[in-house]
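In what follows, a structure is listed as structure tokens, so that the remarks can point back to it.
The values are calculated or read from the model by the stated rules, or taken from the named source; none is laboratory data. None of these values were measured; they are calculated from a predicted model. No Cβ is skipped: glycine too gets one built from the backbone with ideal geometry, and neighbour counts run over all protein chains shown.
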Amino acid sequence: MTRTAAAPLRYLWALPVTLLGLSCVPLAVVTGGRMRVERGALEVYGGFARFVLRRCLWIEASALCLGHVILGQDRDALDHSRDHEHVHVRQCERWGPLFLPAYFLASYLAWRRGDHFYFDNRFEREAYGLDRKKFSRGR
């Protein structure tokens with residue numbers, strides 16, 4: 001099956017996570033946020049999306065992927081992080097509804113090893129294009 005023919009299946013497999021992202025859209029829009037579609041993903045920035053990324057996570061984030069929805073603090077943040085976030089879109093297409101549990105498990109396992117819960121998460125390492133053997137954060 002070609003990648004184009006499989007596209008509907010990838011969207012369907014990722015739909016549970018995408019629905020979580022879509023739940024943020026109305027609040028973002030009524031609080032001044034904007035939307036656009038880039039590379040097959042809905043990007044939502046400003047308003048409630050900015051609030052979530054600044055105040056509701058363990059770390060302040062520029063952007064966050066939830067299936068085929070990418071939340072961003074602002075347009076510049078999305079422009080800067082687009083390649084990174086689209087790696088997460090592809091991960092979600094592979095993992096489907098298991099993506100979020102697998103992501104949180106990867107963070108937990110990194111933390112249990114004594115590593116950083118975010119930077120040493122296998123999904124983030126892939127998105128940053130990091131090879132664990134070559135990457136060092138000065139430890």
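Every residue in region 103-130 that is of a type in the set (Gly, Ala, Ser), more than 13 Å from the chain's Cα centre (by Cα) and under 20 Å from Leu66 (Cβ atoms), please.
Ala106, Ser107, listed by residue number.
Of these, Ala63, Ala14, which one is under 16 Å from the mean Cα position of the chain (by Cα) and touching a residue at least 60 places away in the same chain (Cβ under 8 Å)?
Values: Ala63 fails: touching a residue at least 60 places away in the same chain (Cβ under 8 Å).
Only one candidate passes the filter, namely Ala14.
Can you pull out every residue in region 74-95 that is of a type in the set (A, V, I, L, M, F, W, C) and over 20 Å from Leu20 (Cα atoms)?
Ala77
For region 68-83, give me the residue count where each residue is of a type in the set (Asp, Glu) and in a loop (DSSP other than H, G, I, E, B).
1
Find the strands (runs of 3 or more DSSP E) located wholly in region 1-67 whose residues include 2 or more that are modelled with pLDDT of 95 or more and more than 22 Å from Asn121 (Cα to Cα), and list them.
34-38, 41-45
Enumerate the pairs (first residue in region 89-115 and assigned to a helix (DSSP H, G or I); second residue anywhere and surrounded by fewer than 13 Cβ atoms within 10 Å (Cβ to Cβ) and among the charged types (D, E, K, R)) with beta-carbon separation below 8 Å, excluding pairs fewer than 6 apart on the same chain, so at least 6 apart or on different chains.
Val89/Arg39
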